[in-house]
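Encoded as structure tokens, the structure appears first; notes follow it.
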Amino acid sequence: MFDTPADAQAQLAQHFARPQVERVVAALVPTLVFRPLPTGKGSLGGTRIGGTPDLPPGLTWPRRAKPADAEAIAKRGNAEAGEELRRHFRKELPYAFFAQVDLGEAQGQARGRAQGLAKELAKGLAKGSAKGEGGPAAALPGHGRLLFFYDLVAGPWDNGTESARVIWDESPREGLAPQTMPADLAAAADAHRAEIAKINRPFKRPLPKPDSGTPYGGPARPMSLHATLRPPAIESLEMDARPALKAALALRTDGGERFRDAYQDLFSKAFDSDYGTANAGRRNQLVGSPLPEQSGPRVEAEVVSRFGVQHLERDKIEAHRAETDAGARTWRLLLQIDIGDFLQEDGEGTVYFLIRASDLAERRFDRVVAVYQQT
């Protein structure tokens, strides 16, 4: 959103009073965002969203086995959705491939951000702002690739570890080979497009293109990573860590309400799909503070991990609020992907890949929890 604290100060001054600008700049959170590369500019092992991964010999595309609680998951939807989930689980398809992240590129951007902030701090331009020592990707491995897979058919009904697979591939780039989509996954994608065409044809609506996105995969798009600074969402844990800013946004006076409205408007225009399809891609990010569609996704990750349920009832929320909130602070965002942007078609929701800080330090990517949210 902002390249530097000085850039943030200049832009925010157009919307807020000086004390408000200072509070927002002090709360800026470093993150890495994706920017599309021109067609044909992708590289073997490079960062991309959608398409297929580059894998070394011996590493196969992960496949989801039928879950032990398949019937419980199916019952979370209505009758039609439940039957679709049962059919889906019986097929035991591979996961949809979501993204490939070049960790060397991520670390390079992180170091560049840290060095840039250090220079601004030395000049006094970034006083009080998020310093981001080591950069936003400092906790990630420094080499190889992270490969993100997700079950987009069942995942929205099934927050947890089983709806996603995240693999850290450390193999040398020269040993990689581009993959083709597994035959049964490709067949499912073709069947989905055929069903959409059958529905659209009588109404003379556009028919799906042969490479259009489906729940089984999105179009291949090479990306580059860029370090940026974002103010925290009002509902985020990072906002909780800035009590002065949170209090100013909560003021019931006219000035406070105007500040809150302007702050929310800033977010809406930057990230909400209601302001145009270009905003969908702006929600995609690596690490940093999540952009929630509902409550904080880290709270949902803690709930499903601690209690083994998708959501807590209201009385249990209050009874366990302290421990749940404390646990949520131990989770870190790895990747956030906007579904509409992933599909490059109509689609709703955001998928968050989250990991506990201790598991990230131990490189236990098998413990990643996927959380789906939709407004």
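The values are calculated or read from the model by the stated rules, or taken from the named source; none is laboratory data. Since the model is a prediction, treat every value here as computed from it, not as a measurement. For neighbour counting, all protein chains shown are included, and Cβ atoms are generated from backbone atoms with ideal geometry for every residue, glycine included.
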Checklist outcome for this item: Filtering region 333-371 down to residues that are surrounded by 16 or more Cβ atoms within 10 Å (Cβ to Cβ), over 20 Å from Arg35 (Cα atoms), in contact (Cβ under 8 Å) with a residue 12 or more places away in the chain and of a type in the set (Asp, Glu) yields none
Checklist entry - For region 247-258, does any single residue satisfy the condition of being in a helix (DSSP H, G or I), loosely packed, with under 13 Cβ neighbours inside 10 Å, modelled with pLDDT under 90 and not small (Gly, Ala, Ser)? => result yes
Checklist entry - Given region 268-321, what helices (runs of 4 or more DSSP H) lie entirely inside it while holding 2 or more residues that are buried (at least 18 other Cβ atoms within 10 Å of the Cβ)? => result 278-282, 297-307
Item to check | Residues being out of contact with any Lys or Arg (no Cβ under 8 Å at 6 or more places or on another chain) and either part of a strand (DSSP E or B) or among the hydrophobic types (A, V, I, L, M, F, W, C) (or both) - total across region 166-184 | outcome: 7
Checklist outcome for this item: In region 328-358, residues that are within 14 Å of Gly160 (Cβ to Cβ) and over 9 Å from the mean Cα position of the chain (by Cα) total 3
Next on the checklist: Restricting to region 20-46, name every residue that is farther than 20 Å from Ser212 by Cα, of a type in the set (Val, Ile, Thr) and outside any strand (DSSP E or B).
Outcome noted: Val21, Val24, Val25
Checklist entry - Has region 59-79 got any residue that is modelled with pLDDT under 95, loosely packed, with under 14 Cβ neighbours inside 10 Å and closer than 28 Å to Gln344 by Cβ? => result yes
Item to check | Residue identified as touching a residue at least 24 places away in the same chain (Cβ under 8 Å), surrounded by fewer than 20 Cβ atoms within 10 Å (Cβ to Cβ) and within 16 Å of the chain's Cα centre (by Cα) among His192, His226 | outcome: His226
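To keep it simple, each residue is scored yes or no on (1) assigned to a loop (DSSP other than H, G, I, E, B); (2) modelled with pLDDT of 95 or more.
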{"position": "Gln107", "(1), (2)": "no, no"}
{"position": "Ala126", "(1), (2)": "yes, no"}
{"position": "Phe149", "(1), (2)": "no, yes"}
{"position": "Leu152", "(1), (2)": "yes, yes"}
